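Reviewing the structure listed below.
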Amino acid sequence: MLKIGPVQLETPLLLAPIAGYCDLAFRLVVRSIRGDYGGVGLACTDLLCPQAILRENEKSLWLSATNEEDKPVCMQLYGRHPDVLAEAGRWAEQHGATTIDVNMGCPVDKVTKKNGGSKLLCEPLLAVEIVRELVKAVNVPVTAKIRLGWDDKSYITQTLPVALADVGIAAVTVHGRTTEQKFKGTVRLPGISEVVASMAKYHPDIPVIGNGDVTAPEHAKAMMDITGCHGVMIGRGALAQPWIFRDTAHYLATGELPQPLSRADRARIVVQHFENLLRFRGDRVALNMIRQRISKYSPYLQPWPHLRQDVRFIEDVNAFRDFMAAGIEQIQTDEAQVA
Ligand SMILES: Cc1cc2nc3c(=O)[nH]c(=O)nc-3n(C[C@H](O)[C@H](O)[C@H](O)COP(=O)(O)O)c2cc1C
């Protein structure tokens with residue numbers, strides 16, 4: 001079973017950081033969906049700016065917000081200044097991080113122009129220095145999330161992960177695309193295999209987590225079987241189906257898919273997400289956010305005529321609750337008729 005440093009995970013399945021999506025409200029939704037074989041093993045915050053969390057401005061405080069129900073949690077930092085990252089790492093540890101991840105995979109210009117995110121793949125000495133300083137600064141495991149390289153000509157799969165392990169990284173996650181690819185094309189499993197093989201040779205105790213395009217339990221198993229990776233991180237697939245961890249844990253353990261959640265249960269998950277948003281962010285943000293998120297959930301709630309359009313016009317917390325309650329009642333009536 002997957003272990004990151006001394007931290008034993010219940011399953012080898014991780015929730016990816018997805019800026020703007022994987023906040024405390026959503027992580028608690030994901031954690032609550034468990035089956036006989038568990039659910040998510042580790043959930044990550046979205047990328048955090050070290051300078052902003054050290055200033056403790058309002059936005060960075062809610063981005064990094066966690067609580068006792070949200071365990072184990074990884075906090076992800078980005079940036080290029082080893083001393084600032086080390087200080088932010090100490091802050092993260094004091095504020096509840098179970099593990100700390102360094103973002104070396106973000107392809108977004110705003111981040112790479114400041115030489116953070118996947119720009120670090122082009123500056124391996126700096127990447128190593130950042131990890132070395134962080135490992136010295138904190139008492140929790142430090143991990144890194146990388147891509148295959150900046151472009152097709154500059155794969156770092158056989159060099160950087162090993163160099164990071166030399167200075168104490170506890171696990172590495174590899175998104176099987178290059179920076180230049182951004183999110184285009186499909187995930188390249190041979191690239192993930194290269195990371196697994198080089199780690200197996202020099203640091204056999206350091207797990208490699210594969211990432212990219214997993215939207216069904218079978219994809220996770222195929223990624224593990226083909227590449228030999230020790231765990232799988234799921235991002236976009238979890239936004240639409242937060243139950244994917246429960247289903248995948250079951251599939252990995254038994255080779256069978258579990259009984260799918262009913263449509264009514266999926267709708268109840270949307271309600272739970274909304275209630276979590278209310279709890280942590282208040283009425284206005286909760287309504288705005290659930291309006292955006294409903295488009296992800298919608299395909300899994302169908303048939304529900306005009307769901308996305310109707311939610312757009314709801315302006316009040318109780319109106320949303322009533323709308324969902326009516327929808328769930330309708331689903332139950334439909335299901336009773338089918339049965
Ligand atoms: C909108 C969006 C935001 C993302 N934000 C982050 C981030 O904050 N940190 C990070 O390491 N990766 C981020 N990623 C990349 C994902 O964590 C993941 O590596 C990528 O989406 C591939 O996995 P998936 O196919 O399971 O989504 C983001 C991806 C998307 C689409």
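The GluC sites (Glu not before Pro) found in region 47-108 that occupy coil by DSSP, while having at most 15 further C-beta atoms within 10 Å, are Glu56, Glu68, Glu69.
Applying a DSSP loop filter and a limit of 15 other Cβ atoms within 10 Å to the GluC sites (Glu not before Pro) in region 252-339 leaves Glu256, Glu315.
In whole Å, what is the distance between the alpha-carbon centres of region 76-155 and region 245-298? Cα centres, region 76-155 to region 245-298: 30 Å.
Using only the C-alpha atoms, the convex hull of region 255-307 corresponds to 99 Å³ per residue.
With contacts taken as Cα pairs under 8 Å at a separation of at least 6 residues, the chain carries a relative contact order of 15 percent. Residues Arg312, Arg268, Arg147, Arg263 ordered from highest to lowest accessible area at a 1.4 Å probe: Arg312, Arg268, Arg263, Arg147.
Sequence-ordered 3J(HN,Hα) estimates for region 285-300 from the Karplus curve with 6.51, -1.76 and 1.60 and θ = phi - 60° stand at 5, 4, 5, 4, 5, 5, 4, 5, 6, 4, 5, 6, 6, 3, x, 8 Hz, glycine and proline given as x. The alpha-carbon of Lys59 sits under 15 angstrom from the alpha-carbons of these aspartates and glutamates, leaving out residues fewer than 8 places away in its chain: Asp23, Asp46.
Need the list of aspartates and glutamates near Lys113 for cross-linking: C-alpha distance under 17 angstrom, and skip anything on the same chain fewer than eight residues off. Lys113 reaches Glu123, Asp151, Glu180.
Phi angles of region 172-188 translate, via the Karplus equation with coefficients 6.51, -1.76, 1.60 and θ = phi - 60°, into HN-Hα couplings of 10, 9, 10, 7, x, 9, 8, 4, 4, 5, 6, 10, 7, x, 10, 5, 9 Hz per residue; Gly and Pro are given as x. Taking 4.7 Å between C-beta atoms as the pairing limit, the chain has these partnerless cysteines: Cys22, Cys49, Cys106, Cys122, Cys229. Charge dipole (Cα centre; +1 on Lys/Arg Cβ, -1 on Asp/Glu Cβ; no other charges) of the chain amounts to roughly 660 debye. Using the Cα centre of the chain as origin and beta-carbon charges of +1 (Lys, Arg) and -1 (Asp, Glu), tell me which of Gln292, Val140, Gln337 is placed farthest towards the positive end of the dipole. Of the listed residues, the answer is Gln292. Helix 124-137 axis versus longest C-alpha principal axis of the chain: approximately 80°, rounded to the nearest ten. Once the 1.4 Å probe is applied to the protein heavy atoms, region 117-253 comes out at 38 Å² accessible per residue.
Taking a ≥ b ≥ c as the square roots of the eigenvalues of the alpha-carbon gyration tensor, the chain is classed prolate because a/c is 1.5 or more and a/b outweighs b/c.
Here the Karplus curve 6.51 cos²θ - 1.76 cosθ + 1.60, taken at θ = phi - 60°, turns the phi angles of region 305-322 into couplings of x, 6, 3, 5, 5, 5, 5, 4, 9, 7, 10, 9, 4, 5, 5, 5, 4, 5 Hz, with x standing for Gly and Pro. The longest part of the chain holding none of the exposed loop chymotrypsin sites (Phe, Trp or Tyr not before Pro), meaning those outside H, G, I, E and B in DSSP with at most 12 other Cβ atoms within 10 Å, is 1-182. Figure note: His219, His203, His306 ranked by solvent-accessible area, largest first, 1.4 Å probe, ligands and nucleic acids not counted: His306, His219, His203.
The values are calculated or read from the model by the stated rules, or taken from the named source; none is laboratory data. Keep in mind that what you see is a predicted model, and the values were worked out from it rather than measured. Heads up, the Cβs are rebuilt from the backbone with ideal geometry, glycines too, and the neighbour counts pull from every protein chain shown. Quick note on the areas: whole protein, heavy atoms, side chains included, nothing else; ligands and nucleic acids left out. Shrake-Rupley method; radii C 1.70, N 1.55, O 1.52, S 1.80 Å.
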